[in-house]
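Scroll down for the structure; my scribbles are underneath it.
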Amino acid sequence: MVEKIPFIMINRVSYTYPTGTLALKNITLSIDQGEMVGIMGPNGAGKTTLIRTLNGLVRPQNGIILINGENTKDKTIAQLSRTVGVIFQNPDHQLFSNTVEDEIKFSLKNIYSEKSGIQERTSAILKQFNFARYKNRSPLNLSGGEKKKLALASVVCRDPDVLIFDEPTLGQDKKEIEFFIKFIQEERDKGKTIIIITHNVEFAYDYIPRIVLMSKGSLIADGPTREILTKKELIKEASLVSPQITQFKVILEKEGIPIPKRIKTEEDLTEFLLDYLSDRKLSPGGD
C-alpha cells in the first residue's frame, strides 16, 4: 500500500530575519488536501512568517517545504501563486491598480496568455463577487469590507489549490463575516485547502476543525479545535481570550447539549436553552 503524502509538508523549517529576530524555530507541520486549519497565537509568534514561506515571500534558511510533492525552493513567487493564494490582513498591501477590473486582470496576466481568456475570467469573477457595477471604480474608493473582498477576488481568480487568510474577520461586520463563512465552506467543498490565521476564538471554535497554536516561533499544539481551545493552559500560553459565549458552549457541549453555530450572543443562547428545555418538558428549576 502506497503511503499518502500530505499536500503541504513543512519539515524542520527555521527562519531568522536579517535583524537577527528568530521568527520560526524548527517547524514541522503537514496539511492534507481539502483540510481547513487555523493558526493561532500571540503577535510575534511567527504565524505570518510561516504562511509567507508557503508562497515564497520568505525563503527558510533551514528545512524543506513541499507542496503537492514539489519543493518550494525550486519555484518562483509567480509560480507558487498559481498553487498558493494569500489574502493578507491589510488589503491595501495587495491592491494597486487603477480600477477594480484592472486589479483582477493584473492578477490573471501570469495565468492566461491570451487577452480573451483574461477578459472572460475577469467578467466571471466580477459577477461572482458582485463587483460588476464597481468595475471602473478605483479600489481606493471602496469601503474596508469591499477592499477585503476585492483582495480575495484578485487571488481566487487564479483558482489556487491553497487559500490562506490572515485575520479575515478582523474589522468585518456580521454580513461580511457571513459572506466569508459561506465562501470558505464552498471552496472547501471544491477540495481547496484552507489555512486561516485568526485571534477570533469564537469563529475558530465554530468553524475551523483543526487548530495549530504557535508561540515564540515554535508550534506548541496541533489538534482538533474543540480539544485545543478548551485547554486553559494552552489558551493562556497562546495569549488568546476565550469569549464568555464560547465558554458557555464548551460547558454545555460537555454535558451533551449540541449548540448550533447560529448561536452568537448570550441572548441567542438563552433563547436556545429555553426552547431546548421546553422541548424536553423540563424547566430550569425542575427535576
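No value in this document is a laboratory result; all are computed from the given coordinates. No experiment lies behind these values; they were computed from the predicted model shown. Quick reminder, even Gly has a Cβ in these numbers, built from the backbone with ideal geometry, and neighbours come from all protein chains shown.
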- Item | Neighbour count of at most 11 Cβ within 10 Å plus DSSP loop: longest trypsin sites (Lys or Arg not before Pro)-free window in the chain | 5-108
- Of K149/K175; K4/K47; K73/K115, which ones are farther than 24 Å apart at the Cα? K4/K47; K73/K115
- Item | Long-range amide H partners of V37 with built H, under 5 Å | I194, I195, I196
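Using the structure shown, select from K75/K190; K147/K261; K127/K148; K182/K236 the pairs with a Cα to Cα distance greater than 23 angstrom.
Too far apart for the 23 Å limit: K75/K190; K147/K261; K182/K236.
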- Which label marks the calculated value of Kirkwood radius over Cα pairs in Å, given the options [x] 19.9; [y] 23.3; [z] 20.7? [z]
- Under 17 Å from K249, Cα to Cα: aspartates and glutamates that are on another chain or at least 8 residues apart: E202, D206, E227, E266, E267, D268, E271, D275
- Would you please name the GluC sites (Glu not before Pro) within region 1-92 that are DSSP coil residues with at most 11 other C-beta atoms within 10 Å of their C-beta? E3
- Note on the structure: region 68-178, Kirkwood Rh and Cα Rg, ratio Rg/Rh at 0.97
- Note on the structure: Zone reached by a paramagnetic label modelled 7 Å from I5 Cα along Cα→Cβ, restricted to region 46-89 with backbone N below 11 Å, covers 66-71
